[in-house]
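Reading through the C-alpha cells given below for one structure.
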Amino acid sequence: MAGRDTAPPRHPGTQPRPQPCRPVPRVHAFGKGGQAMRRDPRAPPAMRGWLHKQDSSGLRLWKRRWFVLVDLCLYYYRDSSEQRVRGGLPLPSYRIRVLGPAASAPRFLFTAEHPGMRPYVLGAESPAELSAWVCALRRCAAPLGGAYSRDSEGSWFRSLFVHKVDPRKDAHSNLLSKKETSNLYKIQFHNVKPECLDAYNSLTEEVLPKLHLDADYPCDLVGNWNTWYGEQDQAVHLWRFSGGYPALMDCMNKLKQNKEYLDFRKERSRMLLSRRNQLLLEFSFWNEPLPRPGPNIYELRTYKLKPGTMIEWGNNWARAIKYRQENQEAVGGFFSQIGELYVVHHLWAYKDLQSREETRNAAWRKRGWDENVYYTVPLIRTMESRIMIPLKISPLQ
C-alpha cells in the first residue's frame, strides 16, 4: 500500500502542475467587445464624432473610431452607422488629461484615466476638436461640479487658443479675431419714420457711395439693407475700416470737415425715429464678407450671449461652420467690441425664403450640426432674426 506522502502516478509526457504564485493586481478593460455597455437608445447624444483610439495591444496601433457621448458615458463604434457598440466607459470619476502634441498624426492627444482601469488614449484631428471633446468629457467626469487639475498639462493646451499668450494678459477679442487683417466693422441700425423710408433710401443711395469710392476715406461699404421681416421700417448698414481704430478716427475727423456729409446727416435726422451702432470684429474662422451678385435675401441672426461665454461660442462655431458652406450661404460672422457687449452677428445669404428653409433643414441632417446647437444654445440670453433686402448701392446683392 502506498504511503500517505507518495505522489500520485503521472502519465508519461505530462508536466507537473504549476505552484500558485502571489496574486498580481489586475488592470481592467471596461466594457469592451461582447462585454460592452448597453446604450439607451432614448437618450439624446451630447456629442458625436471621429476620434483616433490607441489599441491596448503591445503594438499601440491607432484606430479611427466613431465616438458618441451620451448619458455620462462614452461609447465607440467602428463607423458612423452606430450599428454595434464596440466599447464604452462610464465617465464619472474619470480624469480627462491632455497630453503634449505628438510628432505624428494624430497630434492632439488626451487620456481618460481611472485607478485600476487601463487608460484610454485618444487623439483628435484639430485643436478645436480637442477642446470640444475635453470640455464635454470633463463635464461628464465631474457632473456634480467636481474639480480637476490642469497643472500637469502645462501651458500647451491653453496655447492652442491664446497663441502662446497668457490668457490673463490678452483680451478675448485678440483670441477670436483675424490676425492677418486689421479690419474694424461698424454696423448701424436706423429706425426710419414709415412715411420717410423711400426718401431715406434715395438720400442714402445718393451720398454713401461717394464715401465708398473716395480713396481719401479708409472705409468701404460692405452691405446696405432694409429689414423685410423683423423690425419694420429699419435700415441696416455695415461698414469696413481697413486699418482698425486709426482708420476709423481718420475717417471721422475728415467727415467733420465734409460739408456735403454734414448736410446729409442734418437732412437724414429729420427722417429717423432712433439709431444705434456697434463696432465689431470678425471671427477668424468665418468667411470674409465679399461682394456678391444677386438677387439674394439676407438673414442677420443676432445672438446676445451670457457674459464670459464668447470663447466657448467661438470654439464651437469654429467646428460647426463647415456644415454651412455647401450652398455658399455663409457671408460673415462678427462680435461686438463697442456698444452692447457679448453680441454676435451671423450674416447669411439665400436665393429666397424657400431656399433658406431647405438649406437650414439640410444642416440638421449632417452629423455634428446638432452637437453645435446642443452646446451653444445654453450660452444664449436672447436671439433675433432679420430678413433683409439689399439696397441698390449694396455690394452684397
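The values are calculated or read from the model by the stated rules, or taken from the named source; none is laboratory data. Because the structure is a prediction, the values reported are computed rather than measured. Positions of Cβ are generated from backbone atoms using ideal geometry, with glycine treated the same way; all protein chains shown enter the neighbour counts. The protein model used for the area step is the full one, side chains on, heavy atoms only, and it has no ligands, DNA or RNA in it. Shrake-Rupley method; radii C 1.70, N 1.55, O 1.52, S 1.80 Å.
Values for this structure:
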{"read-out": "Y245 being farther than 30 Å from A318 by Cβ and aromatic (F, W, Y)", "value": "no"}
{"read-out": "Any hit, segment 246-253, residues being farther than 20 Å from S394 by Cα and either in a strand (DSSP E or B) or of a type in the set (G, A, S) (or both)", "value": "yes"}
{"read-out": "Only one of R367, R381 that is open to solvent by 70 Å² or more (accessible area, probe 1.4 Å) and part of a loop (DSSP other than H, G, I, E, B)", "value": "R367"}
{"read-out": "Failed condition for M37, given (1) at pLDDT 70 or above; (2) open to solvent by less than 100 Å² (accessible area, probe 1.4 Å); (3) under 30 Å from T376 (Cβ atoms)", "value": "(1)"}
{"read-out": "Condition broken by L273, with the remaining ones in (1) open to solvent by less than 60 Å² (accessible area, probe 1.4 Å); (2) at pLDDT 95 or above; (3) over 25 Å from the mean Cα position of the chain (by Cα) satisfied", "value": "(1)"}
{"read-out": "Filtered residue count, segment 189-244, keeping only those that are assigned to a helix (DSSP H, G or I) and either under 21 Å from K266 (Cα atoms) or within 29 Å of the chain's Cα centre (by Cα) (or both)", "value": "19"}
{"read-out": "Residue that is assigned to a strand (DSSP E or B) and over 16 Å from the mean Cα position of the chain (by Cα), where the choices are A349, A362", "value": "A349"}
{"read-out": "Residue that is nearest to the chain's Cα centre (by Cα), among those in segment 156-188 that are crowded, with 17+ Cβ neighbours inside 10 Å and at pLDDT 60 or above", "value": "L176"}
{"read-out": "Contacts under 7 angstrom Cβ, first residue in segment 319-332 being closer than 19 Å to T302 by Cα, partner crowded, with 21+ Cβ neighbours inside 10 Å and of a type in the set (D, E), 6 or more apart", "value": "G332/E282"}
